[in-house]
Each structure stands twice: as structure tokens, then as C-alpha cells.
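Reading through the C-alpha cells given below for one structure.
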Amino acid sequence: MAAVNVPRLVSKKKYANALVFSSLTMAFLLMLVAFQLYPVLLPYTINPKYSVTIYNAASSQKPLGIMLTIVVIGAPLLAGYFLFLYKTFHGKVKLYDTSY
């Protein structure tokens, strides 16, 4: 139903709602594929024993802990950097005689 609603919302110029319904359509399609393939992530058609499943693709606790540490340190740094960029470049551009 969400896919049918998108053209109607675009014709009414409700672009934000159309974006939401379009995103819902994509999310539901991805969930449908995931439910259909579960537990196989990448099927191997020649020999099914070489397929990638959720069990042989899972990571151990040590790499997950390392990645969590990187995210805990990196996410605030990234947020601060984007805040710095926003404060540096916000506002209208002013053109002068020497601008090009």
C-alpha cells in the first residue's frame, strides 16, 4: 500500500510524506527478502554447504568489543567535527566585487 501512496503524495506536493512511504516500501521489501532467505545470507547454488549463513558469518566477542570502543571514541569526534563545519559555514554566501 505504501508504494501506491507515493505518486498520490507527490501530486499533492507532500514530498516529506512521499519520502517516508518510499522508505517504508524499501524497508518492507528488504525485510521480505531477509525473511525468505533466513538463515542463509548468501546462497551458493552449486553446493549448499558453502552458503554463508548467519551462524558462520557471526563474529566473536573480541572484534565486537574493539569496534564498540572505536565507535564510542569516534562518534563524538565525528559529531563535533560536523558541528564545527556547520558553525563555520552557516549563513548566506555574500558576494563581493572580488568574488567569482
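The values are calculated or read from the model by the stated rules, or taken from the named source; none is laboratory data. Source: prediction; values computed, not measured. Virtual Cβ from ideal backbone geometry, glycine too; neighbours counted across all protein chains shown. Heavy atoms of the whole protein, side chains included, go into the accessibility calculation; ligands, DNA and RNA do not. Shrake-Rupley method; radii C 1.70, N 1.55, O 1.52, S 1.80 Å.
Output the residues belonging to the stretch 48-73 that are within 25 Å of residue 30 (Cα to Cα) and not charged (D, E, K, R). Of everything in the stretch 48-73, those that are within 25 Å of residue 30 (Cα to Cα) and not charged (D, E, K, R) turn out to be 48, 50, 51, 52, 53, 54, 55, 56, 57, 58, 59, 64.
Each row is one residue, and each column tells you yes or no for (1) among the small types (Gly, Ala, Ser); (2) at pLDDT 95 or above.
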| site | (1), (2) |
| --- | --- |
| 57 | yes, no |
| 60 | yes, no |
| 65 | yes, yes |
| 68 | no, yes |
| 72 | no, yes |
| 77 | no, yes |
| 81 | no, yes |
| 90 | no, no |
| 93 | no, no |
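Contact map, the stretch 44-57: first residue under 18 Å from residue 34 (Cα atoms), second residue open to solvent by 100 Å² or more (accessible area, probe 1.4 Å) and assigned to a helix (DSSP H, G or I), Cβ cut-off under 6 Å, separation 6 or more or different chains; pairs are 44/50.
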